[in-house]
Amino acid sequence: MNGIKVVGFGHYVPETTIKNDDFKEIIDTSDEWISSRTGIKERRISITETTTDLAYKAALMALLDSKLTGSDIDLVITATMSPDSYTPSISSKLLSKLGIEKAMAFDISAACSGFVYALNIASAILGQNNLKRAIVVGAECLSELLDYTDRSTCVLFGDGAGAVVVEKTNENGYFYSMSKTDTENILYANAIRANDMLLNNETDNYHLKMDGKKVYKFALDAVSDAIDNVLKMSGLKDSDIDLFIPHQANERIIMSVCKHLNLDFNKFYLNLERYGNTSSASIPIALSEAYHNNTLRKGQTVLLVGFGAGLTWASTILKV
């Protein structure tokens with residue numbers, strides 16, 4: 001059947017590393033408290049680089065890995081919940097940086113499921129137009145949205161970007177995807193708005209906030225639903241999947257899902273210990289890292305599954 005295949009992988013994280021024990025200076029926590037509950041040991045934080053900077057470095061790596069040039073790209077989609085500006089989009093900024101001329105370019109916001117949503121959109125656009133190739137990016141500077149006095153959120157998140165170059169194919173390729181959304185407001189970050197001089201309305205209520213217990217329960221149900229549904233849709237079995245790459249949020253969630261669905265935990269690629277939760281960037285960072293360290297190889301089948309604010313959840317099966 002027709003589908004898309006990944007022909008280039010890239011990722012980038014900032015240099016500055018914040019370890020769990022570094023938080024002891026500002027909040028009541030410890031390495032043991034954080035790592036035992038999440039599996040996270042450290043995360044990367046951007047000091048001067050913008051979300052666009054991170055996206056560009058990941059996309060450039062993917063483009064170079066594909067051995068293509070900007071003139072070969074017809075579409076750019078960036079998934080992010082922490083853009084540098086409302087407009088122009090990160091994707092449009094990437095065009096000139098990557099030497100891409102007159103391509104379709106736009107951003108989407110679906111939080112931690114964003115990259116999987118973006119892949120689904122790219123597949124649909126490439127399948128219905130005379131367009132051949134796309135760069136799909138997930139990029140975040142979540143450190144800009146964090147309240148570093150809130151222990152329930154600030155220790156979880158980090159910054160980074162991942163990207164892939166995909167092209168449509170009808171040769172031994174396939175692409176199955178499902179995406180869902182629920183309106184329950186238990187994980188959110190409000191927009192930063194200009195002051196209204198008539199209403200004298202000032203607010204700094206833009207920090208990322210979450211109801212941890214409810215999010216945990218949602219995640220267990222959502223990941224199980226996303227994996228089960230996309231396997232049924234594809235007609236594949238879990239044994240047909242060479243590697244599972246979940247959103248990198250919490251190791252305990254992934255372990256519980258494996259137990260619930262009777263899946264082999266060793267087939268799940270995790271790097272959250274080093275990067276924390278990077279929202280829409282987490283899956284493409286892990287995907288690129290797994291490919292470049294030979295955990296994932298050309299011709300293999302991978303299942304991607306995301307879940308997060310929105311509430312959103314999504315999964316995709318494709319060959320690389």
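The values are calculated or read from the model by the stated rules, or taken from the named source; none is laboratory data. Here the structure is a predicted model, which is why all the values come from computation and not from measurement. So basically every Cβ, Gly included, is an ideal-geometry build from the backbone, and we count neighbours across all protein chains shown.
Could you grab the pairs with beta carbons closer than 6 Å, sequence gap of 6+ or different chains, first residue in segment 148-169 and farther than 29 Å from ILE27 by Cβ, second one assigned to a strand (DSSP E or B) and of a type in the set (D, E, K, R)?
GLU167/ARG133; THR169/LYS5
Please indicate, with yes or no, whether at least one residue in segment 14-32 is surrounded by fewer than 20 Cβ atoms within 10 Å (Cβ to Cβ), of a type in the set (Val, Ile, Thr) and within 30 Å of LEU131 (Cβ to Cβ). Walk me through it before giving the result.
Looking only at segment 14-32, we keep the residues that are surrounded by fewer than 20 Cβ atoms within 10 Å (Cβ to Cβ), and these are 15-19, 21-32.
This time we only want the ones that are of a type in the set (Val, Ile, Thr), so: 16-18, 26-27, 29.
If we keep only those that are within 30 Å of LEU131 (Cβ to Cβ) as well, we get none.
Scanning segment 14-32 turns up no residue that is surrounded by fewer than 20 Cβ atoms within 10 Å (Cβ to Cβ), of a type in the set (Val, Ile, Thr) and within 30 Å of LEU131 (Cβ to Cβ).
Return the residue satisfying two criteria in turn: it lies in segment 266-298 and is among the polar types (S, T, N, Q) and at positive phi, and of such residues it is modelled with the highest pLDDT. Let's see the steps before the verdict.
Taking segment 266-298 and keeping what is among the polar types (S, T, N, Q), we get 266, 271, 277-280, 282, 288, 293-295.
Subset that is at positive phi: 279, 294.
Details: SER279: 94, ASN294: 97.
Ranking the qualifying residues of segment 266-298, first place goes to ASN294.
Are any residues in segment 236-262 touching a helix residue (DSSP H, G or I) at 6+ places or on another chain (Cβ under 8 Å) and touching a residue at least 40 places away in the same chain (Cβ under 8 Å), and if so, which ones?
ILE241, ASP242, LEU243, PHE244, ILE245, PRO246, HIS247, ALA249, ASN250, GLU251, ARG252, HIS260 - these are the residues of segment 236-262 that are touching a helix residue (DSSP H, G or I) at 6+ places or on another chain (Cβ under 8 Å) and touching a residue at least 40 places away in the same chain (Cβ under 8 Å).
Out of (1) surrounded by 15 or more Cβ atoms within 10 Å (Cβ to Cβ); (2) acidic (Asp, Glu); (3) not in a loop (DSSP other than H, G, I, E, B), the odd one out for GLU49 is which?
(3)
Within segment 28-48, which residues are at pLDDT 95 or above, in contact with a helix residue (DSSP H, G or I) (Cβ under 8 Å, 6 or more places away or on another chain) and of a type in the set (A, V, I, L, M)?
ILE40, ILE45
Filter segment 1-25 down to the residues that are at pLDDT 90 or above and assigned to a loop (DSSP other than H, G, I, E, B), then identify the one that is nearest to the chain's Cα centre (by Cα).
Per the stated criteria, the residue is VAL13.
Of the residues ASP238, ASP221, ASP228, ASP242, which is farther than 23 Å from VAL320 by Cα, surrounded by 13 or more Cβ atoms within 10 Å (Cβ to Cβ) and at pLDDT 80 or above?
On the way: ASP238 fails: farther than 23 Å from VAL320 by Cα; ASP228 fails: farther than 23 Å from VAL320 by Cα; ASP242 fails: farther than 23 Å from VAL320 by Cα.
Exactly one residue qualifies, and that residue is ASP221.
Mind checking which residues of segment 110-137 are within 11 Å of the chain's Cα centre (by Cα) and not in a helix (DSSP H, G or I)?
Listed by number, the residues that qualify are ALA110, VAL136, VAL137.
In segment 236-249, which residues are within 14 Å of the chain's Cα centre (by Cα) and of a type in the set (S, T, N, Q)?
GLN248
LEU296 - would you say it is over 16 Å from the mean Cα position of the chain (by Cα) and in a loop (DSSP other than H, G, I, E, B)? Before the answer, list the steps.
Details: over 16 Å from the mean Cα position of the chain (by Cα): yes; in a loop (DSSP other than H, G, I, E, B): yes.
Yes.
Report the residue count in segment 64-90 for those that are buried (at least 20 other Cβ atoms within 10 Å of the Cβ), farther than 19 Å from SER288 by Cα and among the polar types (S, T, N, Q).
The total comes to 2.
On the basis of being hydroxyl-bearing (Ser, Thr, Tyr), crowded, with 16+ Cβ neighbours inside 10 Å and not in a strand (DSSP E or B), does SER96 make the cut?
Details: hydroxyl-bearing (Ser, Thr, Tyr): yes; crowded, with 16+ Cβ neighbours inside 10 Å: no; not in a strand (DSSP E or B): yes.
Criteria not met by SER96.
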